[in-house]
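S.K.: Here it is, the structure, as structure tokens.
Nothing in this text is a laboratory measurement; each read-out follows from the coordinates by a stated rule. From a predicted model like this one, the values you see are computed outputs, not experimental measurements. Note that we place each Cβ from the backbone using ideal geometry, even for glycine, and neighbour counts take in every protein chain shown.
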Amino acid sequence: MADDRPVAVFDSGVGGISVLGELVRRMPTESFLYFGDSANSPYGSRSEAQVRAWTFMHTARLLDADAKAVVIACNTATGAAIGMLRRHWPEVPIIGIEPAIKPAAAAHPGGRILVMATPVTLASRKFRELLARHAGEAEFLEAPCPRLAAMVESGILDGAETEAYLRQTLRPFLGAPADAVVLGCTHYPFVRRTVARVTGTEEIYDGGAGTARETARRLAEAGLQTDAASPGTVTFLSSDPSEEHRLLCERLLAAARAGASDA
Ligand code: DGL
């Protein structure tokens, strides 16, 4: 039976819009309800318990708003909370993004792979287990980027300031060229061009397309797809109600829908 309720998409802020773009491209007739907790962003330097509590609270609100499925479009929140969310709402499809370690390692066996993510993601048990499963397939270099999500959040995208930050933060890893880079935070695809310039590789992986594919699969499996023939809607909700913030969300979605997350 067709289901026209929206799919909820959650992130600590605007980063999940890079995933939302992939979701809309893959399922143009579905409707999406996006919530970014920009007032509390960034999550990546908070305690895991705090991230878990906020993620739980916002997921509950999105389900109260009649979402039929929830996409946790935040690596940090997935690492901290996905197990708890699935235990609490076993009947709801809950899809979580995680760093694209698997496709990067498969494409670059034995390669040097730089993994950029928030400190909370890198420390999470879920990520440690993911990395352990692929240990030996490639050399993974973990690069915490504690300020990068906050820069994107304030609209600082590709440009001199981002480049200076990345050159300084990634300096320990730039001595030898990386074969690939994993963007383990959904904010980072919006500065992909600068990452490519600084690291010297165009082999850049993020989990957005894989998450959209998995969401489509889970909706089909649960019989929750819409049968609408016309394009669905995208509704933005945020804990930052400013007009400037709304404009940033629209700008980022236009870039992500075009398949170029670089805005
Ligand atoms: N976009 C989030 C992620 O994928 C986290 C950014 C943050 O709030 O620190 O990890």
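S.K.: Spot the failing condition for ASP158; the list is (1) within 15 Å of the ligand (Cβ to nearest atom); (2) assigned to a loop (DSSP other than H, G, I, E, B); (3) closer than 23 Å to GLU244 by Cβ, and only one is missed.
M.R.: So the condition that ASP158 fails would be (1).
S.K.: For the stretch 22-60, give me each residue that is within 14 Å of the ligand (Cβ to nearest atom), under 30 Å from ALA2 (Cβ atoms) and outside any strand (DSSP E or B).
M.R.: GLU22, THR55, HIS58
S.K.: Might you check whether a residue that is part of a helix (DSSP H, G or I), touching a residue at least 24 places away in the same chain (Cβ under 8 Å) and either in contact with a Ser or Thr (Cβ under 7 Å, 6 or more places away or on another chain) or surrounded by 18 or more Cβ atoms within 10 Å (Cβ to Cβ) (or both) occurs anywhere in the stretch 133-149?
M.R.: Yes.
S.K.: Only one residue in ALA49, ALA39, ALA60, ALA80 is in contact with a helix residue (DSSP H, G or I) (Cβ under 6 Å, 6 or more places away or on another chain) and either without any contact (Cβ under 8 Å) to a residue 60 or more places away in the chain or under 25 Å from GLY155 (Cα atoms) (or both). Which one?
M.R.: ALA80
Yes or no, residue by residue, for (1) assigned to a strand (DSSP E or B); (2) of a type outside the set (A, V, I, L, M, F, W, C); (3) farther than 26 Å from VAL9 by Cβ:
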| position | (1), (2), (3) |
| --- | --- |
| VAL152 | no, no, no |
| TYR165 | no, yes, yes |
| GLN168 | no, yes, yes |
| VAL191 | no, no, no |
| LEU219 | no, no, no |
| THR226 | no, yes, no |
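S.K.: Another question, if that's okay. Identify, please: which residue in the stretch 65-93 is within 16 Å of SER31 (Cα to Cα) and surrounded by fewer than 24 Cβ atoms within 10 Å (Cβ to Cβ) and is, among those, farthest from the ligand (Cβ to nearest atom)?
M.R.: Top of the filtered list is ASP66.
S.K.: Here is a list of conditions, (1) in contact with a Ser or Thr (Cβ under 9 Å, 6 or more places away or on another chain); (2) closer than 22 Å to GLY96 by Cβ; (3) of a type in the set (Lys, Arg), and ARG213 meets all of them except one; can you say which number that is?
M.R.: Here ARG213 clears every test but (1).
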